[in-house]
Amino acid sequence: MNKIIIIYIVFPFFAWSGFLQSIWCQNYTVQKDSIQYQIQTSQNDVSNYYILSYKIVSKSDSIIWLWFEEKNNLCEDKKLKEYFFRNKGDINLFHILTDANVSVQGTVPILFNTFLKYINAHDSFMIQIICTEENFRKKEAIFNYLDEHLVIESNKTLSKFLGINNLTEWKRIKFYEEDFIILPIKLFDFQ
């Protein structure tokens, strides 16, 4: 079900409009939204900017997990294996998460590498991209890129695949803690 909402609010130096699209899945909902705003930098100069928002809302009674996978043409098992068991330097993410001697406190998660986010039951996580009018024309391609490269898994599926009954023990490790992330537009620099 797609909903289109267009709202205009006009101030002397600022204008805003938005668009909302929702996708429903079994354990989560994805809401794709775009907001336009203008900044007047001088009397005759107005610049248009856009915020693209990709919000994942958990419908599950359990944690759901998400990460970014570089390769978009992998089946589900391959996505899991590639992300958790592919070596990242001398070690893989599974070893980092399960080895009590490895500390990741205070480290910065790396997209496509060590970024791992859990969303609590009925909570949400938002991905935002700030762009210019030129980049905004590629809005559908950007949303498609996120659809293809963002992996969202139920706690049950991930637990079964990794052979770990209680993934919530991983909460002792510092995952990406914020409720949102702002990604650079250059990540989506494609034709």
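Can you tell which of Leu187, Leu146, Leu183, Leu116 is crowded, with 17+ Cβ neighbours inside 10 Å and modelled with pLDDT under 90? After ruling out the rest, the residue left standing is Leu116. When the residues of region 169-180 are filtered to those that are part of a loop (DSSP other than H, G, I, E, B) and out of contact with any helix residue (DSSP H, G or I) (no Cβ under 8 Å at 6 or more places or on another chain), the one that is modelled with the lowest pLDDT is Lys174. Is there any pair with a first residue in region 52-74 that is of a type in the set (Asp, Glu) and a second that is assigned to a strand (DSSP E or B) whose Cβ atoms are under 6 Å apart and which are 6 or more apart or on different chains, and what are they? Going by the 6 Å Cβ cut-off, the qualifying pairs are Glu69/Val151. The condition (being surrounded by 10 or more Cβ atoms within 10 Å (Cβ to Cβ), over 26 Å from Ser124 (Cβ atoms) and either within 15 Å of the chain's Cα centre (by Cα) or modelled with pLDDT of 50 or more (or both)) is satisfied by just one residue among Gln40, Gln31: Gln40.
Being polar (S, T, N, Q), loosely packed, with under 14 Cβ neighbours inside 10 Å and either at pLDDT 80 or above or closer than 30 Å to Ala121 by Cβ (or both) is the requirement here; does Ser47 meet it? Taking the combined requirement at face value, the residue satisfies it.
The values are calculated or read from the model by the stated rules, or taken from the named source; none is laboratory data. From a predicted model like this one, the values you see are computed outputs, not experimental measurements. As a convention, Cβ positions derive from the backbone with ideal geometry for all residues, glycine included, and neighbour counts pool all protein chains shown.
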